[in-house]
1. Of all residues being assigned to a loop (DSSP other than H, G, I, E, B) and touching a strand residue (DSSP E or B) at 6+ places or on another chain (Cβ under 8 Å) in segment 49-67, which is nearest to Ser271 (Cα to Cα)? Just the residue, please.
2. Identify, by number, the condition in (1) of a type outside the set (A, V, I, L, M, F, W, C); (2) touching a Phe, Trp or Tyr at 6+ places or on another chain (Cβ under 9 Å); (3) open to solvent by 40 Å² or more (accessible area, probe 1.4 Å) that Glu114 doesn't meet.
3. Mind checking which residues of segment 154-165 are at pLDDT below 90 and among the hydrophobic types (A, V, I, L, M, F, W, C)?
4. Which condition breaks for Ala258 when tested against (1) modelled with pLDDT of 90 or more; (2) closer than 18 Å to Arg182 by Cβ?
5. So in segment 138-186, with the set limited to residues that are touching a helix residue (DSSP H, G or I) at 6+ places or on another chain (Cβ under 9 Å) and among the charged types (D, E, K, R), which one is farthest from Pro70 (Cα to Cα)?
6. Any residue at all in segment 97-113 that's touching a Gly at 6+ places or on another chain (Cβ under 8 Å), at pLDDT 90 or above, part of a helix (DSSP H, G or I) and under 30 Å from Arg203 (Cβ atoms)?
7. How many of the residues in segment 150-183 are open to solvent by less than 10 Å² (accessible area, probe 1.4 Å) and over 20 Å from Tyr124 (Cβ atoms)?
8. Give me the pairs, please: first residue somewhere in segment 288-313 and within 9 Å of Gly217 (Cα to Cα), second residue anywhere and modelled with pLDDT of 70 or more and open to solvent by 90 Å² or more (accessible area, probe 1.4 Å), beta-carbon distance under 7 Å, and either six or more positions apart or on two chains.
Amino acid sequence: MSSPATRFVRYPDLGFRLGTGVFAGPIVVIVVGIGYELSRESAESIARFGLGFWKTETWDPVAGEFGALPFIWGTLYSSILALVIAAPVALGIAVFLSELCPARLQQPIVFLTELLAAIPSIVYGLWGVFVLVPAVRAIQVATPDFLRSVPLFSGPPVGVGMLAAGLILAVMVIPFSSSVAREVLKAVPRPQREAAYALGATRYEAIKAALYYGRTGIMGAVMLGFGRALGETMAVTMVIGNNPRISSSLYAPQHTMAAVIANEFSEADTSLYLSALVEIGLVLFVITLIVNAISRGLIWSMKRKPKPAKAPVAAAEAAA
């Protein structure tokens, strides 16, 4: 039977738990509310087009024909391209800061890396217009003729297009992926590195062992950056060209789901047009939730890994 003193301690603890739960509860309500409202507002488009909305390439507000496939393609293409560019750079930054960086340089570099995440999207867009677009145009002009015949490098030298969007997204994604990857590497148990050195491994081999141990969390960091790239709006809108067509070319102007909502929401003059735009938002919401849930699950699974230092003890007990 618990004493009065024990009950006195438990009640405030229970109250504190309930009180903090009250603050955390609205987060769930907000996410569910956003999903419900997007579903409700896009009901007309869902009823009219069904699953064909996801597979149709036509986007003609005048004729009342709407298909989201060009925007889904552009969103996934630009995000995957940014991921391919950003992932090696982010991992290199994380390895350098956690394993190789001198102590006096670590904090300044961490600060500058995190500063990239604090720069507003519109500033990135302006930088993309004045720096990236001319640079991409110069690359297009310098592209050899035999490469221009390849679909991946075809297109007029205008500068705006998928390559510019992928590059600017890569710059925006690097701070998020590198920060999470750095924390994952810091969470790798010290015995992992010590065991590698004890076996005669070089520093490079010890870092490879740490990367192998934290591979699940690092993959989660990359996926988290992917989720960040999926929802980016203003910077991509300013450099991608905003042309609703599907193309494999890096130089072709294309479109994304977030960009079409930002560009055309104020122009939606019919209920079906507005509903189609909201349904694109619903598709983007669902994709972003799935990607972020996968990335968080990978990171959490890394944190729940048992420490390998216990393995020799367990082996000795089993042998006994």
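The values are calculated or read from the model by the stated rules, or taken from the named source; none is laboratory data. None of these values were measured; they are calculated from a predicted model. No Cβ is skipped: glycine too gets one built from the backbone with ideal geometry, and neighbour counts run over all protein chains shown. What goes into the accessible areas is simple: the full protein's heavy atoms, side chains included, and nothing from ligands, DNA or RNA. Shrake-Rupley method; radii C 1.70, N 1.55, O 1.52, S 1.80 Å.
1. Of the residues in segment 49-67, the ones assigned to a loop (DSSP other than H, G, I, E, B) are 50-51, 56-58, 61-64, 67.
Now restrict to residues that are touching a strand residue (DSSP E or B) at 6+ places or on another chain (Cβ under 8 Å): 56, 58, 67.
Working: Thr56: 19, Thr58: 18, Gly67: 16 Å.
So, considering only residues that are assigned to a loop (DSSP other than H, G, I, E, B) and touching a strand residue (DSSP E or B) at 6+ places or on another chain (Cβ under 8 Å), the one nearest to Ser271 (Cα to Cα) is Gly67.
2. (2)
3. Val158
4. Here Ala258 clears every test but (2).
5. Only one residue tops the list, namely Lys186.
6. First, the residues of segment 97-113 that are touching a Gly at 6+ places or on another chain (Cβ under 8 Å): none.
Scanning segment 97-113 turns up no residue that is touching a Gly at 6+ places or on another chain (Cβ under 8 Å), at pLDDT 90 or above, part of a helix (DSSP H, G or I) and under 30 Å from Arg203 (Cβ atoms).
7. The number of residues fulfilling the criteria is 1.
8. Between residues of segment 288-313 that are within 9 Å of Gly217 (Cα to Cα) and residues that are modelled with pLDDT of 70 or more and open to solvent by 90 Å² or more (accessible area, probe 1.4 Å), the close pairs are Leu298/Met219.
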